[in-house]
Amino acid sequence: MKISEIQKLLNAEVLTCKENLDNDVKSACGSDMMSDVLAYVKDQAVLLTGLVNMQVIRTAEMMDMVCVVFVRNKVPTDEILALAESKNIVVMKTGERMFDACGILYSSGLRQVK
Amino acid sequence: MGEILKLHFDVDGDDFTSAGEASAEVKKKLRLLGYSPETVRRVSIAMYEGEINMVIHAGGGVADVEISEDCIKIVLEDHGPGIENIELAMSEGYSTAADAVRSLGFGAGMGIPNMKRYTDSFNLESTVGVGTKVTLVINT
Ligand SMILES: Nc1ncnc2c1ncn2[C@@H]1O[C@H](COP(=O)(O)OP(=O)(O)O)[C@@H](O)[C@H]1O
Ligand SMILES: [Mg+2]
């Protein structure tokens, strides 16, 4: 699905790289543990997380992810947004909680690559 | 054999926010040099795990990277507390990370296993009270 569809489904606010909203993504994962993302995740394009720090963007960058969704209305700092912008990563925030946000995207066709 | 490009980084142990900058720099360089996405990702993840370890377990250190046509070699060296039981440290799920580190999203005890998984050669030398040296080689 297009990144713009994720934004609509989660009623999310896009905070960086709006020019990438037309890009297609096929897979996603949700975690607050970046260690687990680095160890268990494979080829996921979207990261949903309730953790807010610079290492979330760094982890996404290392894993070649293209979109980070902060759940539960967590507000990333300007520093986090600047890093994401420079790495061409779309950042959005949603009021949905992790379980609901994942469920909404899953039932709309996004999967985790195993 | 072609030429070797050498990069050196000081990894600040007091600043969790800047952790990963060296790995990001290497990733950018490898991309520019035209290495395959697969190679770039393996190097990025392995080095990032090592860089994070130096920050969360050892108070920082240095990273030396050698980039050549055949392989990328990364040496991460610190003067932290060292590792008492290397075999244990290498096993999946083993971590001495404090809760404070876990609340930052790290400390699942999968860093060293992950470094092994993404590299063609992995070597860890450590002496308690002296420091730790991790050598990673990824063949292109
Ligand atoms: N550079 C280091 N200096 C001292 N101890 C280290 C270092 N790297 C790893 N360790 C030890 O090895 C353990 C396992 O490392 P790792 O697999 O990366 O897991 P984690 O970082 O999640 O704890 C750490 O918890 C720590 O006790
Ligand atoms: Mg680690």
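The values are calculated or read from the model by the stated rules, or taken from the named source; none is laboratory data. Because the structure is predicted, anything quoted here is derived from the model rather than measured. Cβ placement follows ideal geometry from the backbone for every residue including glycine, while neighbour counts extend to all protein chains displayed. Protein only, heavy atoms only, side chains kept; ligands, DNA and RNA dropped before computing areas. Shrake-Rupley method; radii C 1.70, N 1.55, O 1.52, S 1.80 Å.
To the nearest 0.05, how large is the calculated FRET efficiency for residue A:106 and residue B:5 if R₀ is 30 Å and r is the Cβ-Cβ distance?
Working: r = 44 Å, r/R0 = 1.45.
So, using R0 = 30 Å, E works out to roughly 0.10.
Using only C-alpha atoms and all pairs of different ones, pull out the Kirkwood radius for segment B:5-139 in Å with one decimal.
Working: mean 1/r = 0.0676 Å⁻¹.
One decimal place: 14.8 Å for the Kirkwood radius.
Give me the accessible area per residue for the protein assembly as shown, probe 1.4 Å, as a whole number in Å². Write down the numbers at each step before the final one.
Numbers: 11980 Å² over 254 residues.
For the protein assembly as shown, the per-residue accessible area is 47 Å².
Could you calculate the contour length gain from residue B:71 to residue B:116, that is, 0.36 nm times the residue separation minus the distance between their Cα atoms, to one decimal place in nm? Intermediate values should be presented prior to the final figure.
Working: separation 45, 0.36 × 45 = 16.20 nm, distance 1.55 nm.
Taking 0.36 nm per residue and subtracting the Cα distance, the gain is 14.6 nm.
Could you sort out which of A:42/B:116; B:29/B:73; A:2/B:28; A:87/B:29; A:2/B:29; A:87/A:114 sit more than 18 Å apart by Cα distance in this structure? Mind dumping the intermediate values first?
Details: A:42/B:116 16 Å; B:29/B:73 14 Å; A:2/B:28 26 Å; A:87/B:29 14 Å; A:2/B:29 29 Å; A:87/A:114 25 Å.
Beyond 18 Å: A:2/B:28; A:2/B:29; A:87/A:114.
How much mean residue ellipticity at 222 nm does chain B get from its helices, if each DSSP H run of length 4 or more adds -39500 (n - 2.57) and you divide by all residues, to the nearest 500 deg cm²/dmol?
Values: 5 runs with 52 residues, N = 140.
So the calculated ellipticity at 222 nm is -11000 deg cm²/dmol.
Could you give each residue of segment A:23-34 its phi-based ³J(HN,Hα) in whole Hz, using Karplus coefficients 6.51, -1.76, 1.60 with θ = phi - 60°, and x for Gly or Pro?
Running phi through 6.51 cos²θ - 1.76 cosθ + 1.60 with θ = phi - 60° gives 5, 8, 10, 10, 9, 8, 8, x, 6, 9, 9, 5 Hz.
Using a simple spin-label model with points 7 Å from Cα along the Cα→Cβ vector, what separation in nm is obtained for residue A:79 and residue B:15?
In this crude spin-label approximation the distance works out to 0.8 nm.
Report the trypsin sites (Lys or Arg not before Pro) located in segment A:38-91 that are in a DSSP loop and have at most 16 other Cβ atoms inside 10 Å of their Cβ, or state none. Could the numbers behind the result be given before it?
Numbers: sites: A:42, A:58, A:72, A:74, A:87; in loops: A:42, A:72, A:74, A:87.
Sites meeting the loop and neighbour criteria: A:42, A:72, A:74.
Chain pair A, B: how much accessible area is buried, both chains summed, with a 1.4 Å probe, in Å² to 100? It would help to have the intermediate numbers written out before the result.
On the way: alone 6080 and 7870 Å², together 11980 Å².
Roughly 2000 Å² of accessible surface disappears when A and B pair.
Tell me, what is the percent relative contact order of chain B, built from C-alpha pairs under 8 Å that lie six or more residues apart?
28 percent
Can you compute the FRET efficiency between residue A:1 and residue B:99 using 1/(1 + (r/R0)^6), with r the Cβ-Cβ distance and R0 = 45 Å? Round to the nearest 0.05. Write down the numbers at each step before the final one.
Working: r = 37 Å, r/R0 = 0.83.
Efficiency, rounded to the nearest 0.05: 0.75.
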